[in-house]
Amino acid sequence: MTVVETGAASTPRVGVRPRGLDRRERWLRRLPLLPALIYVVVVTQIPFVVTLWYSFQSYFWNVPGGARFNGLHNYSTVFTNAAFRGSLVRSVFMTAISVIVAMILGTAFALLLDRKFPGRGVVRTLIITPFLVMPAAAALVWASPMLDPNFGLMNYLLAPFGVHHVAWLSQYPLASVIGVMIWQWTPFMTLIVLAGLQGQPPDTLEAAKVDGAGALATFRELTLPHLRPYIELGILLGSIYLVNAFDAVRLLTNGGPGTSTTNLPFYLYQQVNYAFDVGGAAAAGVVTVILTIIIATLALRMFARVFQFEEAGV
């Protein structure tokens, strides 16, 4: 009898990919994004570094001799300057009022547009139109055809209510600027809330109707909690954009009368173009960027916690 010895079954070799190959593949995947990354760095980061350098310099365009280092003097001037503090308060006030009112109106319009009625597509297109208009063009349209004290459409529409020849841009400058900002950003809020409404499960609404819940109770208990992430997202994006509003202030009131409509972006514009203080404007710009980043970071973290809590509760 012949005994045939068979060796141990050979185990399959697991192919180990070289680590360098993984790195190479990752870089090959990132390579198409490299031009965009370079463009972003050149357009945003390099100017910010230059601005940071100028913030430590005493540099006036109308004074010969160029820039010279003055330490933290520009920053101390910024924090002790009443004009900067006033523009900061006005920026916060203008942004808060504009975003809140635009969100309330946007939610109301979204609830109306979510219903079926003849011509709904045309109405949706028309209500989005203000957001598609360039801010500079919108400001020019509102400055003369709408708010002119003698021939403006606003006074014509309010004439039956006893309003005649009101110089809106000089008598109510801050309200006029805020009104234009609300007019332009309400369609954006409408789009976000309308997207949330269309994503709401219809079965839930039908069940609430069968249980006898009224329209107000359904909105308060079901629709509003469902729209909360969309409303918070709209408030965050609107705040980031509106805090940098410049076109409406520059073209409607030019920051006046006096400084009644001067916000942070227009204050920086004045420091460079009227006071020729490049160093002081750079320091104010750096402080503004830091404050914006802090507020945006806190808001994003707060919203992230809200989303995680809602996902955990599902």
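A few notes on this one:
Table: residues versus (1) more than 16 Å from F246 (Cα to Cα); (2) among the β-branched types (V, I, T); (3) assigned to a loop (DSSP other than H, G, I, E, B).
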site	(1), (2), (3)
S87	no, no, no
F93	no, no, no
S98	no, no, no
T125	yes, yes, no
W142	no, no, no
Y156	yes, no, no
L174	no, no, no
M181	no, no, no
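- Scanning the range 199-250 for residues that are outside any helix (DSSP H, G or I), under 18 Å from A110 (Cα atoms) and small (G, A, S) turns up just one, G199.
- Yes/no for F131 being within 26 Å of I295 (Cβ to Cβ), in a helix (DSSP H, G or I), in contact with a Phe, Trp or Tyr (Cβ under 6 Å, 6 or more places away or on another chain) and open to solvent by 60 Å² or more (accessible area, probe 1.4 Å): yes
- Any chance V63 is open to solvent by 70 Å² or more (accessible area, probe 1.4 Å) and of a type in the set (A, V, I, L, M, F, W, C): yes
- Residues that are surrounded by fewer than 15 Cβ atoms within 10 Å (Cβ to Cβ) and farther than 13 Å from A83 by Cα, drawn from the range 257-274: P257, N273, Y274
- Criterion violated by L126 - all others in (1) open to solvent by 70 Å² or more (accessible area, probe 1.4 Å); (2) more than 27 Å from the chain's Cα centre (by Cα) satisfied: (2)
- The range 222-242 - residue that is crowded, with 17+ Cβ neighbours inside 10 Å and β-branched (V, I, T) and, of those, farthest from the chain's Cα centre (by Cα): T223
- Given (1) in contact with a Ser or Thr (Cβ under 8 Å, 6 or more places away or on another chain); (2) more than 21 Å from Q171 (Cα to Cα); (3) surrounded by fewer than 15 Cβ atoms within 10 Å (Cβ to Cβ), index of the condition G212 fails: (1)
- A82, sole failed condition from (1) under 28 Å from V177 (Cβ atoms); (2) open to solvent by 70 Å² or more (accessible area, probe 1.4 Å); (3) of a type in the set (G, A, S): (2)
- Some residue of the range 115-123 being part of a helix (DSSP H, G or I), more than 18 Å from L224 (Cβ to Cβ), open to solvent by 40 Å² or more (accessible area, probe 1.4 Å) and β-branched (V, I, T): yes
- Residue list for the range 66-79, filter: outside any helix (DSSP H, G or I) and either buried (at least 17 other Cβ atoms within 10 Å of the Cβ) or touching a residue at least 12 places away in the same chain (Cβ under 8 Å) (or both): A67, F69, N70, G71, L72
The values are calculated or read from the model by the stated rules, or taken from the named source; none is laboratory data. Worth saying up front: this structure is predicted, and the values here are computed from it rather than measured. For neighbour counting, all protein chains shown are included, and Cβ atoms are generated from backbone atoms with ideal geometry for every residue, glycine included. SASA here: full protein model, heavy atoms, side chains in, ligands and nucleic acids out. Shrake-Rupley method; radii C 1.70, N 1.55, O 1.52, S 1.80 Å.
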